[in-house]
Amino acid sequence: PEDFVMNKRVKRPPDNPMNALVSFGNTLLYTKTIAAIYQTHLDQRISFLHEPSEGRFSLSLDLSEVFKPVIVFRTITGLNTSLKSRLNNRRLQVEKHFEKKINYCILNEDGRKIFIEAFENRLESVFLHPGLKRKVSYRTALKLDCYKLIKNILEGKEFVPFSLKEGM
């Protein structure tokens, strides 16, 4: 919908509703990735792609990168698809669910609740994992990538990150 168009990525602070959704979704994904890492023996501060810095868990940024399209962006497009199909009964409305000030735009409390519900539903949705030959949730796939990284470090086994092809 016209209200949810993003011409360019603006992070700090987001300047339109779409950037606000991407920033909020990425933040949720980072925290879920941190939770998955805490269940393993990995050190949050040691990363491979993002430069480590004070007060930032760079490994969660690394591991969550491949999950952004399938979790964050599909959550957003799922909400936007709902917007198109139910014009009179939108779940997210710019006027109702976003706080817009001079140079920033963020989700308000009601908007965050709607997004979090859709995000959690996406995390719990399942796909047939080609390697395991069984259905797993995206939350489990996050944890599996942590274990694959451990195997790479300890056993030298090639680390093949999650792929959209396996998580469709």
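Quick notes on this structure:
- Per the conditions (1) modelled with pLDDT under 85; (2) open to solvent by 80 Å² or more (accessible area, probe 1.4 Å); (3) over 18 Å from the mean Cα position of the chain (by Cα), the sole criterion not satisfied by Gln39 is (1).
- Strands (runs of 3 or more DSSP E) enclosed by region 86-168 - at least 2 residues per element that are hydrophobic (A, V, I, L, M, F, W, C) and either open to solvent by 30 Å² or more (accessible area, probe 1.4 Å) or modelled with pLDDT of 90 or more (or both): 126-129
The values are calculated or read from the model by the stated rules, or taken from the named source; none is laboratory data. Everything numeric in this text was worked out from a predicted model, so none of it was measured. Accessible surface areas use protein heavy atoms only, side chains included; no ligands, DNA or RNA. Shrake-Rupley method; radii C 1.70, N 1.55, O 1.52, S 1.80 Å.
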